[in-house]
Structures are given as structure tokens and as C-alpha cells.
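So the structure is just underneath, and the comments pick up after that.
The values are calculated or read from the model by the stated rules, or taken from the named source; none is laboratory data. Because the structure is a prediction, the values reported are computed rather than measured. Positions of Cβ are backbone-derived with ideal geometry, glycine not excepted, and every protein chain shown enters the neighbour counts.
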Amino acid sequence: MLLTNPIGGRFDPAIPSSNGNPHFHWAEFSLPESPDHWITFAEDLHKSQIKPMAFSAPLQFNLGGHFHRDEWNQLFHTFSPLLTPEYPFLICRGTTVTLKELFTYLDDHPRDFHAFQDYKSHYVDRIINQLQDLVTMAKAYGIQVILENAPMGSPFYFEPGQGHIHPALRTPRHLRRIAKATGVKLCFDTAYARITSNALTYMNQSRSLFAGATEKEIQHAPADWNQFFSQVKSVTALIRLSSSLSWGDSPETCHIPFRPDTESELRTFLKQVSADTPILLPFRQENQWQEWNASLARIAKL
């Protein structure tokens, strides 16, 4: 059951007060984008009573694009003293691309029937190569690099100028391939898995291309996020547990507590998750923790 798992929070703002939080001793912290702020951030975190279960790498460090080798070494050097052998996790993500980039690539390969799939394969290959380098670099600092499954697109995807998508890492197939090639395990985000499974299942019926999905990606998508988890459970090291609504591209629709009408999904999840896997509960406000408490209490009675 969930209540026996090691539990941490995911906070906004990033660093809670030095008085701590009555509910958690561990948490996920998102690292500042600018290296100029890292030392101050680390010093403030050192004073807090809440300790890191995991760090999330800055967005500019997302994999699949430019590889910031020197900055990665600086990050490892700055934050490795704050991690513990019990929870040595650094969460990485894949970078996003625009639909324009995808269609430009297709226009450049007009007679290549597999061009779309090739684009995604090259993207995954870049991530594999970068992760292999990262694992070697991180090992010297006692850090375990883990990879986050992706949502469909960036926050506020349907707003003008915000149409960035994740070309891959949205289904178990690519994630298992990366795990096999690199030995890297996953930070399994249940909200993202719920979004991608639902969206790709819908696309299996509509064959819509607005989310930049290939036929293979659509056909191999799991039916729901619990099926998604069952396919990546063996390569999962950390779980970020929450729900989502629809596309989940806004703070109000992603990383939210499970509603009463979706608690059956949570019950199914609790039956298959290992009691040893640490779990993060993301929330932005105290009342969201109260919602979590109420939800878990209802399930515990069943």
C-alpha cells in the first residue's frame, strides 16, 4: 500500500521555510535555471529542515539538444553534497521541439515514408548518447541520474507561440529502449502518463497529427496510465504521484490530487506499486495536501 512507501513532497516555492513542513521531511526541488543562483540556492536549502529526495535539472539542461558538459559538472559539484546515498536522484527530461521543426524535417524528406519515425529515433539516440555521458560524470559524485517520462507538450500548449511538443518519451517503448541502452531508471510521473495515454488513445481513433505522433507511437500507446506503469515498473526508481485533466498543460490541470471519480485509478495503482519505491506528492498549496490526506484516508478504508 502507498502509506508504507517513503513519501516526499514537491514544493512551490522551491525552498520551504527553515521551520520545515509538518507533513514531509523529504522533497523534490527544481534547480534554478541560472548557475549564478546555484550557490545561494544550495546554502538556503542546507538551512532547511526538509531535505532533497531528488533534484530536477534546469529546463535549459533538457536532453536531446545542446549538451552543457561544463555546466553539468558544475551542477554535480554544487549539489552532490546535499544528496544522500538513500536518495541520490537527479531528474532529467527530454527537450521540446516546435511543430514547425517537425514539418520542416518532413518537407526536407518528401519521399521518405519513415521520415517522421526517423526524426524521433534520432532524437532518442541523442538522448541515449547524452545520458551515457551523464551517467559516467555523475558516478564520480555519487549521483543517480534518472529520466522523467514526458507529457504531450509544453505548458499552455494551445496558447499562441507556446506550441512545443515532446517528440518522444511519451510511451513505454522509447523509455524501455533508453533504460536498456543506458541503465538509467525512470522518475515515473503519473500525471504525465495519464495525459499521454488518454491523448494517444484518442488519436488512435482520430488519427490526428496535431500532437506530432507517429502511427507506431499511437498504436503502441498504453490504454491508460496504470498500463503505462506496468510496462515500465521494472525500470522505475522514483514516482511522482498525482492526477491530471485533459491535456494537462496548465498548473490547474496537471499534478493535481486525485478526484473522487478518479480514485479507482489510484486504487489500481496501489495494487501494483512496490512498497520500497519512493513517492513524491506534488502540491502548490496547503489545501492540496489536505485533499491528498482526504483521498488517501478514503482509500485506506477500502
For this session: With the checklist (1) more than 26 Å from LEU280 (Cα to Cα); (2) surrounded by fewer than 14 Cβ atoms within 10 Å (Cβ to Cβ) in hand, flag the one item GLU86 doesn't pass.
Result: (1)
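Identify, from the list SER250, SER197, SER243, SER234, the residue that is surrounded by fewer than 17 Cβ atoms within 10 Å (Cβ to Cβ), among the hydroxyl-bearing types (Ser, Thr, Tyr) and touching a residue at least 24 places away in the same chain (Cβ under 8 Å). Quick ask: steps written out before the conclusion?
Values: SER197 fails: surrounded by fewer than 17 Cβ atoms within 10 Å (Cβ to Cβ); SER243 fails: surrounded by fewer than 17 Cβ atoms within 10 Å (Cβ to Cβ); SER234 fails: touching a residue at least 24 places away in the same chain (Cβ under 8 Å).
From the options SER250, SER197, SER243, SER234, the qualifying one is SER250.
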Seminar exercise, completed: Residues of segment 81-99 being in contact (Cβ under 8 Å) with a residue 60 or more places away in the chain and either among the small types (Gly, Ala, Ser) or part of a helix (DSSP H, G or I) (or both), in sequence order, are GLY94, LEU99
Exercise. For SER274, are the conditions met, namely being among the hydroxyl-bearing types (Ser, Thr, Tyr) and either free of Cβ contacts under 8 Å to residues at least 40 places away in the same chain or surrounded by fewer than 18 Cβ atoms within 10 Å (Cβ to Cβ) (or both)?
Worked result: yes
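Name the residue, out of GLN74, GLN49, that is over 27 Å from ASN129 (Cβ atoms), over 17 Å from the mean Cα position of the chain (by Cα) and either part of a strand (DSSP E or B) or polar (S, T, N, Q) (or both). Outline the logic, then answer.
On the way: GLN74 fails: over 27 Å from ASN129 (Cβ atoms).
From the options GLN74, GLN49, the qualifying one is GLN49.
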Problem set entry | Cβ-Cβ under 7 Å pairs, at least 6 apart or on other chains, segment 59-74 side without any contact (Cβ under 8 Å) to a residue 40 or more places away in the chain, far side part of a loop (DSSP other than H, G, I, E, B) and acidic (Asp, Glu) | LEU59/GLU33; GLN60/GLU33
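Going residue by residue through segment 20-35, is there one that turns out to be assigned to a helix (DSSP H, G or I) and either at pLDDT 90 or above or surrounded by fewer than 19 Cβ atoms within 10 Å (Cβ to Cβ) (or both)?
Step one: of segment 20-35, the residues assigned to a helix (DSSP H, G or I) are 35.
If we keep only those that are either at pLDDT 90 or above or surrounded by fewer than 19 Cβ atoms within 10 Å (Cβ to Cβ) (or both) too, we end up with 35.
The answer is yes; a qualifying residue exists.
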For this session: Given the conditions (1) surrounded by fewer than 24 Cβ atoms within 10 Å (Cβ to Cβ); (2) under 23 Å from ARG126 (Cβ atoms), report the number of the one that GLN219 does not fulfil.
Result: (2)
